[in-house]
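This is the structure I have questions about; it appears just below.
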Amino acid sequence: MASEDARYRETSQFEAWSFSPSQLAAMREKTNSLARQRITERILSSASNPLAPASNNTSHANTPDPSGNGTPNPNENGAPTLPDFLKPEEEALLISFYTSELLRAADHLGVPDEVRATATVFFRRFFLTNSIMTYPPQEMILVALFVGSKAEGRFPRVVEFQQRFNTKQDILAGEFLLAQGNRFNFEVRHPFRALMGAMMELRSYGDIDEQRIQAAEKRAHEILLSSPLMTDAYFHYTPSQIMFAALSLADRGLAERLIQETFHFVPPTTNSDSTPAATPLPGSDSLGTARKEGGGKGTMTNDERAAIIGTGIRDKVMGTIEACRNMLSSELPERKSHWTSESIFKSQIRPVRKKLLKCRDPDRWNLSELQRQRREQGLRREDSEERAAASNGNKDAAIFGGDLPAGAPEKKRRKVGGNGLEDPFGDPL
Amino acid sequence: MANSPLVARPTDALQPSKPLPSSSGGTPSGGLPRSARGQRIAAEARPTMDLMEQMNEDEKNKYIKGKKLGEGTYANVYLGHSCLDASVKVAIKKIKVQKEYQDGIAPDAIREMKYLQKLRGHANIIILHSVFSSKDQNLNLVLEYLPLGDLEMLIRDVDHVRYGAADIKAWMGMLTRAVWWCHDNYVLHRDIKPNNLLIAADGEVKLADFGLARSFADPGVRMTANVITRWYRPPELLFGARHYSGAVDIWSVGLVFAELIIRAPYLPGNSEVEQIALICREIGTPTEENWPGVTQLKEYTVPSDVTPVAGKDKYMGRFGAVGSDGVDLLAKTLILDPRRRITAREMLEHRWWKADPKPTPKYDLPKKTAGAEEKAAADLKRRNGMAEDDDVRGSKVARKLDFGAAR
């Protein structure tokens with residue numbers, strides 16, 4: 001049986017969605033430059049008549065403005081001027097703004113912590129490989145909340161969302177996109193349970209004032225609901241590291257105590273017959289249990305112990321948590337007022353938003369239209385595929401005893417669907 | 001405390017941010033900046049793709065779709081194989097847009113993807129290799145290809161398939177390990193039954209169909225009682241319990257065990273009332289004595305004539321083929337009180353596995369070949385968590401899932 005750490009390394013969160021800061025920056029850069037390129041192509045191809053020479057088209061497509069300041073690119077043949085594109089840092093600013101909007105929407109819905117956090121992570125993951133110039137961030141907020149609810153086992157109705165937000169937005173038009181942009185990785189691990197566990201552990205020490213524990217939990221929880229979601233913490237740190245960082249911001253002493261108690265092992269300086277005092281008591285007991293659960297064979301050597309729960313590791317862990325803490329501290333819950341401030345909006349957000357409206361993707365920005373086109377395209381292709389496979393299909397029928405009666409189960413299914421209406425997928429959010 | 005992440009001491013506390021460059025680097029070079037020459041042609045053949053679309057295309061191109069194995073209202077199943085290695089066969093389950101679910105990607109598809117991703121890496125859980133979307137925005141689940149049908153087929157084919165205690169032990173071992181893995185990862189399957197236990201080419205049994213699965217609920221969060229196909233549904237769910245544990249799956253495991261032995265469903269109730277009556281008659285009437293608190297469950301009703309809990313003798317008469325130890329294990333899976341029912345882990349530590357006869361090696365297990373492929377496809381294209389022909393099975397699982405779980 002693998003340890004929780006080993007299991008975490010099997011998750012898509014680690015395998016597909018953990019990056020170093022430089023990797024993350026490179027991806028965002030890439031997404032931004034690709035979007036410029038694609039949007040340029042699309043603007044030109046939709047504006048130019050079908051007979052426009054190919055060379056005209058390609059010359060621009062392959063020369064995205066390298067200076068990054070998006071100066072209009074006047075076309076010598078009289079084609080439309082290209083818009084001023086968003087720079088990566090402008091995209092980042094807007095993503096932060098829309099993330100804060102998402103959190104506000106989550107507050108408005110009153111969703112559980114996991115839904116809130118999963119939706120935010122989905123949103124930020126989506127805009128890692130997609131530019132906000134390509135897909136509309138405002139609409140993706142509701143889509144992320146909708147899909148986030150589903151991923152956490154709550155299945156809201158679309159109409160419910162539309163009513164709650166008083167919108168006619170076709171939420172489903174973006175659902176598939178968002179799921180695809182998340183590579184269908186619906187599981188997101190969060191720090192909330194880790195915090196509960198840490199509190200249990202702290203209480204088990206027996207010498208910490210209950211009020212202090214409660215205060216720390218409350219504050220840490222509040223931080224978890226905001227700071228890691230507003231920053232890139234989920235891309236860089238594990239849920240438990242995020243939890244420790246939040247706890248450290250809430251009560252540094254308690255976080256350090258937990259870490260000290262966990263990584264307590266000091267290898268005996270002499271031989272194995274050293275005094276029992278060399279191995280702190282509280283740890284040796286729980287270590288034994290953990291080892292049994294871990295299915296490890298035989299006893300661990302001191303070196304092995306030191307590599308897992310030694311003080312050397314402790315210092316590294318503390319370093320990681322400190323770095324995460326720094327990241328979280330840039331977006332403490334109180335910073336919400338920054339993002340909702342009218343003056344900030346006017347001075348910082350609105351200008352970039354205006355810019356965005358001018359450089360958005362002509363083909364993709366309208367999600368409903370995009371979905372309609374994709375469906376049609378797909379169906380046409382599907383039809384031709386089916387026709388081509390028809391002869392094969394007949395062969396299959398001969399082997400497997402004919403087609404299954406598709407009509408009969410269909411009818412039954414409708415009946416089931418009808419019954420389902422009594423219980424329209426659970427309580428309102 | 002068992003759930004505390006702090007209990008299991010970290011083996012490697014440092015998490016170096018080390019993503020897999022191949023899967024996530026986000027820089028698939030193929031198809032991205034194309035040379036000026038030939039762009040026009042390329043663009044017509046394949047419209048320019050975004051990073052996300054390119055990644056999806058790459059995923060899709062890893063597999064070659066072959067003939068259709070089956071067509072259902074919920075999904076079509078195709079045979080396929082890996083591009084890199086044609087011997088790696090896969091089943092591509094293309095989920096259709098569902099008419100009766102108006103709210104986008106259906107819950108069962110979401111659950112299946114989520115939990116198969118979460119549980120991957122265990123020999124007795126069906127592998128989800130990949131998910132990609134086809135042009136018309138349909139989901140395609142690339143699953144491990146399991147050509148030898150399911151346990152239900154073997155159980156039912158009394159005329160052609162013979163098997164004994166050693167075979168049952170092998171199958172039960174694989175099932176129990178699968179369920180242990182689910183529970184150890186805090187996942188409830190909630191639809192264990194013989195036709196969700198598919199058989200791989202090498203005889204390995206794989207738990208499939210995670211369309212009703214969910215994670216363990218946090219304390220105080222209510223879950224729906226309306227899960228698990230009726231014949232395999234434990235008494236706590238029949239009584240409407242909204243807080244429950246892995247014990248619900250264990251009860252189903254016990255009934256699969258019983259069914260393997262007697263080669264017929266052990267408790268085939270035609271309605272919930274009848275199901276409860278059968279449980280009372282065969283296993284014993286749940287009372288405050290054998291299950292403290294049971295009478296508080298919302299839908300607790302039992303026949304007035306109280307049957308005492310069955311002793312080992314009663315089980316020996318019917319299930320003696322697996323020996324005294326086997327019967328002991330069976331009885332422990334069918335303990336009425338879910339808190340006292342054996343856990344998956346305890347099952348694995350039971351002495352039966354070590355007693356004679358030894359479990360049959362998987363390659364030597366009885367197999368059925370005729371019609372197995374068809375059946376396997378039928379299992380996959382079935383709507384998750386639901387038998388296609390309810391009337392024949394007489395045991396549909398309720399679809400009225402409480403998706404909202406009160407908070």
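The values are calculated or read from the model by the stated rules, or taken from the named source; none is laboratory data. None of the values given here were measured: they were computed from a predicted structure. Quick reminder, even Gly has a Cβ in these numbers, built from the backbone with ideal geometry, and neighbours come from all protein chains shown.
Would you check which residues across the stretch B:48-63 are in a helix (DSSP H, G or I) and either of a type in the set (A, V, I, L, M) or touching a Ser or Thr at 6+ places or on another chain (Cβ under 8 Å) (or both) and list them?
Residues of the stretch B:48-63 in a helix (DSSP H, G or I): B:51-60.
Across the stretch B:48-63, the qualifying residues are B:51, B:52, B:55, B:56, B:59, B:60.
Scan the stretch A:363-381 residue by residue and report those that are under 26 Å from the mean Cα position of the chain (by Cα) and not basic (Lys, Arg). Give the derivation first.
Taking the stretch A:363-381 first, the residues under 26 Å from the mean Cα position of the chain (by Cα) are A:363-371, A:374.
Scanning the stretch A:363-381 gives A:363, A:365, A:366, A:367, A:368, A:369, A:370, A:371.
Only one of (1) closer than 22 Å to residue B:252 by Cβ; (2) among the β-branched types (Val, Ile, Thr); (3) assigned to a loop (DSSP other than H, G, I, E, B); (4) out of contact with any helix residue (DSSP H, G or I) (no Cβ under 7 Å at 6 or more places or on another chain) is not met by residue B:307, so which one is it?
(4)
Here is a further query. Of the residues that make up the stretch B:217-226, is at least one at negative phi and within 15 Å of the chain's Cα centre (by Cα)?
For the stretch B:217-226, residues at negative phi and within 15 Å of the chain's Cα centre (by Cα): absent.
What residue, among those in the stretch A:338-352 that are closer than 19 Å to residue A:86 by Cα and either surrounded by 13 or more Cβ atoms within 10 Å (Cβ to Cβ) or among the charged types (D, E, K, R) (or both), is farthest from the chain's Cα centre (by Cα)? Quick ask: steps written out before the conclusion?
The initial filter retains those residues of the stretch A:338-352 that are closer than 19 Å to residue A:86 by Cα, namely A:344-352.
Filter once more, keeping what is either surrounded by 13 or more Cβ atoms within 10 Å (Cβ to Cβ) or among the charged types (D, E, K, R) (or both): A:344-346, A:348-350, A:352.
Working: A:344: 26, A:345: 25, A:346: 28, A:348: 25, A:349: 23, A:350: 25, A:352: 24 Å.
Selected residue: A:346.
So, in the stretch A:5-22, exactly how many residues are at the interface with chain B (Cβ under 7 Å from one of its Cβ atoms), buried (at least 18 other Cβ atoms within 10 Å of the Cβ) and of a type outside the set (A, V, I, L, M, F, W, C)?
3
Assess whether residue A:423 counts as being modelled with pLDDT of 50 or more, outside any helix (DSSP H, G or I) and within 11 Å of chain B (Cβ to nearest Cβ).
Judged against the criteria, residue A:423 is not a match.
With within 13 Å of another protein chain (Cβ to nearest Cβ) and either farther than 16 Å from residue B:59 by Cβ or without any contact (Cβ under 8 Å) to a residue 12 or more places away in the chain (or both) as the only criterion, which of B:122, B:129 stands out?
On inspection, the qualifying residue turns out to be B:122.
A further question follows. Filter the helices (runs of 4 or more DSSP H) completely within the stretch A:298-363 down to those with at least 1 residues that are more than 22 Å from residue A:268 (Cα to Cα) and not small (Gly, Ala, Ser). Even if it seems obvious, please write down each step before you answer.
Working: elements: A:302-309, A:311-329, A:336-340, A:350-359.
Of the helices (runs of 4 or more DSSP H) lying wholly inside the stretch A:298-363, those with at least 1 residues that are more than 22 Å from residue A:268 (Cα to Cα) and not small (Gly, Ala, Ser) span A:311-329, A:336-340, A:350-359.
Can you name every residue in the stretch B:84-112 that is out of contact with any strand residue (DSSP E or B) (no Cβ under 6 Å at 6 or more places or on another chain) and not charged (D, E, K, R)?
B:84, B:86, B:87, B:97, B:98, B:101, B:102, B:104, B:105, B:106, B:107, B:110
While we're here: Being in a helix (DSSP H, G or I) and in contact (Cβ under 8 Å) with a residue 24 or more places away in the chain is the requirement here; does residue A:97 meet it?
For residue A:97, the condition - in a helix (DSSP H, G or I) and in contact (Cβ under 8 Å) with a residue 24 or more places away in the chain - is met.
When you look at residue A:152, is it under 17 Å from the mean Cα position of the chain (by Cα), surrounded by fewer than 18 Cβ atoms within 10 Å (Cβ to Cβ) and under 28 Å from residue A:19 (Cα atoms), yes or no?
Judged against the criteria, residue A:152 is not a match.
Based on what the data block shows, is residue A:102 touching a Ser or Thr at 6+ places or on another chain (Cβ under 9 Å) and more than 11 Å from chain B (Cβ to nearest Cβ)?
Criteria met by residue A:102.
If the requirement is being at pLDDT below 80, within 14 Å of another protein chain (Cβ to nearest Cβ) and surrounded by 13 or more Cβ atoms within 10 Å (Cβ to Cβ), which of these qualifies: A:364, A:314, A:380, A:360?
Among A:364, A:314, A:380, A:360, only A:364 is at pLDDT below 80, within 14 Å of another protein chain (Cβ to nearest Cβ) and surrounded by 13 or more Cβ atoms within 10 Å (Cβ to Cβ).
I've got another one for you. Take the stretch A:186-201 and flag every residue that is in contact with an Asp or Glu (Cβ under 9 Å, 6 or more places away or on another chain) and either of a type in the set (S, T, N, Q) or not in a loop (DSSP other than H, G, I, E, B) (or both).
Those that are in contact with an Asp or Glu (Cβ under 9 Å, 6 or more places away or on another chain) and either of a type in the set (S, T, N, Q) or not in a loop (DSSP other than H, G, I, E, B) (or both): A:192, A:193, A:195, A:196, A:198, A:199, A:201.
Now, a different point. Among the residues that make up the stretch A:35-52, is at least one of them modelled with pLDDT of 85 or more, in a helix (DSSP H, G or I) and of a type in the set (Gly, Ala, Ser)?
Yes, the stretch A:35-52 has at least one match.
Okay, moving on. Mind checking which residues of the stretch A:167-193 are touching a residue at least 60 places away in the same chain (Cβ under 8 Å), more than 15 Å from the chain's Cα centre (by Cα) and either closer than 13 Å to residue A:136 by Cβ or more than 7 Å from chain B (Cβ to nearest Cβ) (or both)?
Selection gives A:170, A:173, A:174, A:192.
Spot the failing condition for residue A:164; the list is (1) more than 8 Å from chain B (Cβ to nearest Cβ); (2) in contact (Cβ under 8 Å) with a residue 24 or more places away in the chain; (3) not in a helix (DSSP H, G or I), and only one is missed.
Failing condition for residue A:164: (3).
Still on this structure, I have one more. Assess whether residue B:78 counts as being aromatic (Phe, Trp, Tyr), out of contact with any Asp or Glu (no Cβ under 7 Å at 6 or more places or on another chain), assigned to a strand (DSSP E or B) and modelled with pLDDT of 50 or more.
yes
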